[in-house]
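The values are calculated or read from the model by the stated rules, or taken from the named source; none is laboratory data. From a predicted model like this one, the values you see are computed outputs, not experimental measurements. FYI the Cβ positions are ideal-geometry reconstructions off the backbone, even for glycines, and counts take in every protein chain you see. Heavy atoms of the whole protein, side chains included, go into the accessibility calculation; ligands, DNA and RNA do not. Shrake-Rupley method; radii C 1.70, N 1.55, O 1.52, S 1.80 Å.
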Amino acid sequence: FGSEYDHVVQRAGNRTAAEEALLARASEVKQFDIRPLTASERDRYRSDWQKIEAHFVDRPTMAVVEADELVGEVMRSRGYPIADFDKHAEYVSVKHPRVVEHYRAGHAVIDAHSRGAASTEELRQAMLHYRVLFEDLVGFGGTDVEQPIAPNTELEHAREERVAYGRRDDDRLR
């Protein structure tokens, strides 16, 4: 579970309760029919993502909301059940533990913005967070077989995205 373990320990208050919660979560997710996307689904979602990114400059708030909605749509297509945000984050943490914090961070910016407390820079950061999660959920390659992400591939991809959004500080998104 990676950093998700620490997150659950903090919320549960002790390691035993956290470990029980994580095992229960993993058992629950095993019952779902989570599947990789087909090549055509991946292509469609990537196209949708490019459209969202293209209008970020003109409408950053709308782009972040659309990014959140697209991530939810990808999750449903892959077989994750419809749930509230916290439950979605828990489900994602089982198969995507390295990126669940990006999901939480992006969603936190949407919540902050709804209270009038998110800056354009924070919206930009939310897009970066959603991008990492989106890429992990959609997968890479053009075949109908899901291809695992090598540990360095995710970091390298995140670096490329920070440059694309004008961020060169490698530690900012970690």
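Here are the numbers for the structure shown:
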item: Lone unmet requirement of (1) closer than 16 Å to His96 by Cβ; (2) touching a residue at least 40 places away in the same chain (Cβ under 8 Å); (3) of a type in the set (A, V, I, L, M) for Val8; result: (2)
item: Ala89, sole failed condition from (1) open to solvent by 90 Å² or more (accessible area, probe 1.4 Å); (2) modelled with pLDDT of 85 or more; (3) not basic (Lys, Arg); result: (1)
item: Residue in the range 46-57 that is hydroxyl-bearing (Ser, Thr, Tyr), more than 15 Å from the chain's Cα centre (by Cα), closer than 16 Å to Phe134 by Cβ and modelled with pLDDT of 85 or more present; result: yes
item: Output for the range 74-105, where each listed residue is touching a residue at least 12 places away in the same chain (Cβ under 8 Å) and either more than 26 Å from Leu23 (Cα to Cα) or over 15 Å from the mean Cα position of the chain (by Cα) (or both); result: Gly79, Pro81
item: Extreme residue, farthest from Lys87 (Cα to Cα), among residues of the range 2-37 that are under 20 Å from the mean Cα position of the chain (by Cα) and among the β-branched types (Val, Ile, Thr); result: Ile34
item: Residues that are in contact with a Gly (Cβ under 6 Å, 6 or more places away or on another chain) and either of a type in the set (A, V, I, L, M) or at pLDDT below 90 (or both), drawn from the range 112-135; result: Ala126
item: Scope the range 106-133; condition under 14 Å from the mean Cα position of the chain (by Cα) and aliphatic (A, V, I, L, M); matching residues; result: Ala108, Val109, Ile110, Ala126, Met127, Leu128, Val132, Leu133
item: Every residue from the range 76-86 that is over 22 Å from Asp48 (Cα atoms) and either assigned to a loop (DSSP other than H, G, I, E, B) or open to solvent by less than 10 Å² (accessible area, probe 1.4 Å) (or both); result: Ala83, Asp84
item: Extreme residue, most open to solvent (accessible area, probe 1.4 Å), among residues of the range 92-130 that are outside any helix (DSSP H, G or I) and over 21 Å from Asp48 (Cβ atoms); result: Arg115
item: Pick from the range 18-75, criterion among the charged types (D, E, K, R) and not in a helix (DSSP H, G or I), ranking: least open to solvent (accessible area, probe 1.4 Å); result: Arg35
